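A.B. asks: Encoded as structure tokens, here's the structure I'll be asking about.
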Amino acid sequence: MGFQGTTAAGPAGGPAGPGRGAGFGAGAPASVVGLLAALEGVGADPRRGGYTRPGFGREEATLHEWFAQEARARGLDIERDRNGVLWAWWDVPGGSRSNAVATGSHLDSVPGGGQYDGPLGVASALAAVDHLRLRGLSPSRPLALVVFPEEEGSRFGVACLGSRLLTGRLDPAEAAGLRDASGLTLAEALAESGLDARHLGRDQAALDRVACFVELHVEQGRGLIDRDAAVGLGSSILGHGRWKLRFTGQGNHAGTTLMADRRDPLVAAAGAVLAVRDAALAVPEARATVGRLQPLPGGTNVIASAVDLWIDARHPDDEVTAELLGSIHAAARAAAEAESCEAELSTESVSPTVHFGHALTSRLVGALGGVPVLATGAGHDAGVLAAEIPTAMLFVRNPTGISHSPEEYAADEDAEAGAVALADALQELLLVP
Ligand code: GLV
Ligand code: MN
Ligand code: MN
């Protein structure tokens, strides 16, 4: 299943080979829409609709192969680093890999996600290379296209897993022991994909090569609809975190256990779900969600013995997020006590609010002719990278305003406008050191 660093042929049952983006190799840039069309069959979710492409899984590996083929078809040099991050290099003749401009995104998805979250940034990066070549650009510094694994954290629980490992924001030993829903550890999943968990962790040499990073992403809200603009730049990423609540009670028989005798953790969990919603409603600008809940063992005629539920909470002020979690935890303990159960809270990942540096963003606003600048409530690898190097984000309008759902969308002309804007941004950065 692993990433085949030197394979030229397309994987069986995978996407079409390189150059399928309309016009590639025929004197026109590949279209973003054509590039994305090649991915349509990969991880299509028959139950939810949309796509399910878990990090370090088969579907993501297939998409990484597709990216490697498209990059090689453009003469870029592909490497996979020890944390599973893909790098495709447009080198400066005779030059070294330093002071590089980097762009890219991710190819994994949430369960039942849309077509654009991640792949739009990767396809746009490939198309931007074509635009720059057709403009006859000869860069004075290298360009790296980057693909981060497991950005969604939908398999191993930690958001932006690849960029956290690359930057050392996650302890490698802790990461290696993370488990997916089937109990497989990250170390085991990495081994299946040809990586050794003993080599995980901050990669200073890889980071030292990069001077700045620009991630293009489909917008996941309504900011660009409201501003009537196809493309915008990012100002900030809302602080976000993930926590797990485990309720334990007494597993028992649904028919023989009198209502008064029960210690039902699912009833306690139901109270916590409402408490999460109510806690966020009470704090201006807060968002809190329970999107996943798992009773153990999960049987119609079985009172659960334990229930896990996961909380996603977000607020611009990280202290307020911590207070929000404090009140959710207190409410969960009260709900557990009322059912004679126990509640235990653990943290899976925390990402503080990120404000992108003004200098890079305002330079790109100028290069793009004064596009709007807007905040986002969604998390991105760019948010992790921003602690290391100057980082900016470009957003492409999503006319539905919906994301993490098959209804996520970008009009074809907006997707192409996004790739042109990315090429303009990269050109600005590549020509002037
Ligand atoms: C990722 O898209 C997130 O915001 O969780
Ligand atoms: Mn996402
Ligand atoms: Mn994303």
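The values are calculated or read from the model by the stated rules, or taken from the named source; none is laboratory data. None of these values were measured; they are calculated from a predicted model. Quick reminder, even Gly has a Cβ in these numbers, built from the backbone with ideal geometry, and neighbours come from all protein chains shown.
A.B. asks: Which of the residues spanning the stretch 237-254 are in a strand (DSSP E or B) and either within 16 Å of the chain's Cα centre (by Cα) or under 24 Å from H329 (Cβ atoms) (or both)? Write out each step before concluding.
C.D. replies: Filtering the stretch 237-254 for residues in a strand (DSSP E or B) gives 237, 240-248, 252-253.
Correct list: I237, H240, G241, R242, W243, K244, L245, R246, F247, T248.
A.B. asks: In addition: In this structure, does W87 turn out to be away from ligand 2 (no atom under 16 Å from the Cβ), in the same structural domain as G153 (by TED's automatic domain parsing), surrounded by 24 or more Cβ atoms within 10 Å (Cβ to Cβ) and under 21 Å from the mean Cα position of the chain (by Cα)?
C.D. replies: In short, no.
A.B. asks: Right, something else. I'd like to verify a number: residues in the stretch 93-108 that are modelled with pLDDT of 95 or more and more than 16 Å from ligand 2 (Cβ to nearest atom), how many? Steps first, answer last, please.
C.D. replies: Of the residues in the stretch 93-108, the ones modelled with pLDDT of 95 or more are 97-108.
Now drop any that are not more than 16 Å from ligand 2 (Cβ to nearest atom), which leaves 97-103.
Qualifying residue count for the region: 7.
A.B. asks: Residues in the stretch 31-74 that are assigned to a loop (DSSP other than H, G, I, E, B), under 17 Å from the mean Cα position of the chain (by Cα) and of a type in the set (G, A, S): how many?
C.D. replies: 4
A.B. asks: Now a separate question. Of all residues in the stretch 212-231, which are within 16 Å of ligand 3 (Cβ to nearest atom) and assigned to a strand (DSSP E or B)?
C.D. replies: F213, V214, E215, L216, H217, V218
A.B. asks: Then there is this: Residues that are within 16 Å of ligand 1 (Cβ to nearest atom), surrounded by 18 or more Cβ atoms within 10 Å (Cβ to Cβ) and within 17 Å of the chain's Cα centre (by Cα): which helices (runs of 4 or more DSSP H) entirely in the stretch 102-209 hold 3 or more of them?
C.D. replies: On the way: elements: 119-134, 161-167, 172-176, 186-192, 204-208.
Because the criterion is at least 3 residues that are within 16 Å of ligand 1 (Cβ to nearest atom), surrounded by 18 or more Cβ atoms within 10 Å (Cβ to Cβ) and within 17 Å of the chain's Cα centre (by Cα), the helices (runs of 4 or more DSSP H) in the stretch 102-209 that meet it are 119-134, 161-167.
A.B. asks: While we're here: Could you list, ordered by first residue, the pairs with Cβ atoms under 6 Å in which the first is in the stretch 141-153 and touching a residue at least 12 places away in the same chain (Cβ under 8 Å) and the second is part of a strand (DSSP E or B) and within 11 Å of ligand 2 (Cβ to nearest atom), at least 6 apart or interchain?
C.D. replies: Listed by first residue and then by second, the contacts come to F148/H106; E151/H106.
A.B. asks: So if I check each of A421, A336, which one is modelled with pLDDT of 95 or more, assigned to a helix (DSSP H, G or I) and outside the structural domain of A205 (by TED's automatic domain parsing)?
C.D. replies: A336
A.B. asks: For residues in the stretch 403-415 being in a helix (DSSP H, G or I) and surrounded by 20 or more Cβ atoms within 10 Å (Cβ to Cβ), which is nearest to the chain's Cα centre (by Cα)?
C.D. replies: It comes out as A415.
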